[in-house]
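What follows is a single structure, written as structure tokens, with notes after it.
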Amino acid sequence: IINEIPNIDIAVTGNNPLCFGESSEISFPVFSGTAPFSLIFSDGINSNTVTVDNNGLVNGSPLSINPSSNTTYSLVSVNDDKGCFSTSSNNTSIIVNELPNVSVSGNNELCEGEISQLYFNFTSGSAPWTVNYSVNGVPTSVALPNIDDSISVSPNSSSIYDFTSVADPNCSNNLNDQVSITINPVPNAIMSGGGSVCDDGSQVDVFINTSSGTPPFNAQYSVGIETKYLS
């Protein structure tokens, strides 16, 4: 009785490529030999031994794998149920894409009506990136093409920018970043008072009444052509 030499391949039957943290599956298509098969395969660092049925499955299912980086899985050797043995150079590869990430910063205080920038520094992933966020609970998003990028903001009132997720062409990642911007009112003042005095050292009151802004105030005013300052 002449038994066939086992001939088995290795193939990715799950998702490929992956995002970091995701899992996939590999199976072992059988072309010849007698099941069950004892296989040794390598991920480039470690060798693993599994028992494969006639459908190329392990315990009736594809073998679950969770690579953390791009990995090539290679068959090393096969023993079948008849004691026949073969070596193999068959291999298959899985691409693992990194998760995109970004840090966001900006001014925490603005004056009413001012325009400021929110700065984005992308530390991983591939351009372009889409950042999802909300302004005081209202969701929105922005697409950015550069590793260091920015957007202009001019909120009418104090606002909280909550950044919830970032995505690139391959993967998405949750964010937990926040920029809070306080809007300070623009100071406003009205001058009043004055009147008629004699040129004998008499004085008259001039009032500066502020209607908005945050004390203390620094005022600049002129007396004729002379500029003066008041705190």
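The values are calculated or read from the model by the stated rules, or taken from the named source; none is laboratory data. This structure is a prediction, so every number in the text was calculated from the model and none was measured. Note that we place each Cβ from the backbone using ideal geometry, even for glycine, and neighbour counts take in every protein chain shown. Note: areas computed on protein heavy atoms with side chains; ligands, DNA, RNA excluded. Shrake-Rupley method; radii C 1.70, N 1.55, O 1.52, S 1.80 Å.
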Completion exercise
Rounded to 0.05, the calculated FRET efficiency for the beta carbons of Glu109 and Val206 at R₀ = 30 Å is 0.40
Exercise for the section: Could you tell me the distance between the Cα centroids of segment 59-130 and segment 8-56, to the nearest Å? Expected result: 20 Å
Exercise for the section: Taking only protein heavy atoms into account and a 1.4 Å probe, give the accessible area per residue of the chain in Å². Expected result: 60 Å²
Handout entry: Potential lengthening between Ser134 and Asp43 on full extension [0.36 nm per residue; Cα-Cα distance subtracted]
Key = 28.5 nm
Problem - Antiparallel content of DSSP bridges confined to the chain, in %, to 5 - result: 95 percent
Problem - Percent RCO, i.e. relative contact order, over segment 106-218, from Cα pairs under 8 Å lying at least 6 residues apart - result: 25 percent
Completion exercise
Two pseudo-spin positions, 7 Å from Cα along C-beta at Asn184 and at Ser152, lie apart in nanometres by 2.3 nm
Practice task
Would you work out the relative contact order for the chain, in percent, from Cα pairs under 8 angstrom that are 6 or more residues apart?
Solution key: 14 percent
Exercise for the section: Tell me, rounded to the nearest percent, the portion of alpha carbon pairs in segment 55-165 spaced more than 23 Å apart. Expected result: 55 percent
Problem - Label of the coordinate-derived value, percent of Cα pairs over 27 Å apart, listed as (1) 32; (2) 63; (3) 22 - result: (2)
